[in-house]
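Heads up: the structure comes next, in structure tokens.
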Amino acid sequence: MKPSLAVAFDEFGFETLIQGFLRTVRHHPDPAALEEYADEGLLGDPSPLYPDPGPAEILDSEAFGPAPKTHTIERLIIRIPGDAIHPATTSVVWAYRTRVTQTPRHTAIVLHGGLVGTEPRGLDLKPYLEWCEAAAVAGLDAIFVELPFHLSRTPEGRFSGELFVSGDLIRTLDTARQAVREIRSLVGWLEGGGGPPAGIVGFSLGGFVATQALSVEDRLRFALLMAPIPEPAETFDTTLIGKAIFPDFAQPGLTEADLRDLFRAVRPGAFRPKVPLEDILILAARYDQTVELAHMETFAAAWGVEMKVHDVGHLAMPLDRRVHEQSILPFLRRYV
């Protein structure tokens, strides 16, 4: 993709999302809630933020779409034990699962980017379901998880992802914690007989959530992280979408220093992953207007893992066939 086209695609896409933010009720954080995340005791070990709730329970499942010869597709409704971390979220999760007809070695848990579901024709959702299909064709099971406040989990009167990514960035972290809790519960269910052991695939916001799961979950077997927001304070301060929501974060008197305190313990480069380093691959977009390439390089070096750079922008990464064929599929095939 040409640099000018990649940048223009990102700028147009994010401007459309920003207009959505500006049409909604503004979201502001409670400054008193900052203290929990600024705790010095979390530095290097954010595990107290992410307790394991225990194995998930499958409430219902139904066939989804026509079944190919190589695999089946089903929609799952999953209950996570205990109460949700944020009162506005729910402990019931919607997911799509592809299951191969032969015995697979692994399950890929797939996490989407932020604000997915706002494109009325479903085009922003399509790549993730294609990844699940590709995993199944390659010989892996896959579970596509709807993140809190997105898609079927969007509260009435809101748009998909609005309550996850907003000026109330403390709620953003509360919701990320909820998502990690759900991943750990799914991993526990798979370990208990629900399916083969899991790895994780995440893009953008889903990539950030995946990094947090890697800080505590040693039962994950692999991780593919695409533009996973390694410096969230910078992203929510200086980027196009950050500039739209930072004024709402600052409205109750919070500052850029408070923003850095909020994300200091959960910066992906601030802790070590529980998954073996050789089983982690990071993908970066050279013309990304949300996640700086320099931040990605620093993050990959901090973890000591392989990183590949593709000539695309942020929003094009999940759509680009070369990313799919040159990086995503070859990585998944390692675990067949």
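The values are calculated or read from the model by the stated rules, or taken from the named source; none is laboratory data. This one's a predicted model, so the numbers in the text were calculated from it and none came from an experiment. Note: ideal-geometry Cβ built from the backbone for every residue, glycine included; neighbour counts use all protein chains shown.
Worth pointing out:
- Sole exception among (1) within 15 Å of Tyr128 (Cβ to Cβ); (2) out of contact with any Gly (no Cβ under 8 Å at 6 or more places or on another chain) for Arg171, by number: (1)
- Evaluation of Tyr287 against the conditions (1) modelled with pLDDT under 95; (2) of a type in the set (Phe, Trp, Tyr); (3) not in a loop (DSSP other than H, G, I, E, B) shows that the sole unmet condition is (3).
- Number of positions in the stretch 37-60 that are within 22 Å of the chain's Cα centre (by Cα) and free of Cβ contacts under 8 Å to residues at least 60 places away in the same chain: 1
- Among (1) in a helix (DSSP H, G or I); (2) out of contact with any Gly (no Cβ under 8 Å at 6 or more places or on another chain); (3) within 18 Å of Ala33 (Cβ to Cβ), the one test that Val266 misses: (1)
- Among the candidates Ser185, Ser166, Ser91, Ser152, residue that is more than 15 Å from the chain's Cα centre (by Cα) and at pLDDT 95 or above: Ser185
- Residue pairs whose Cβ atoms lie under 7 Å apart, sitting 6 or more positions apart in sequence or on different chains, and linking a residue in the stretch 197-222 that is more than 15 Å from Val266 (Cα to Cα) and in contact (Cβ under 8 Å) with a residue 40 or more places away in the chain to a partner that is of a type in the set (Asp, Glu) and surrounded by fewer than 24 Cβ atoms within 10 Å (Cβ to Cβ), are Pro197/Glu191; Arg221/Asp279; Phe222/Asp279.
- Positions within the stretch 191-220 being more than 22 Å from Leu315 (Cβ to Cβ), in contact with a Phe, Trp or Tyr (Cβ under 7 Å, 6 or more places away or on another chain) and not hydroxyl-bearing (Ser, Thr, Tyr), in sequence order: Gly199, Gln212, Val216
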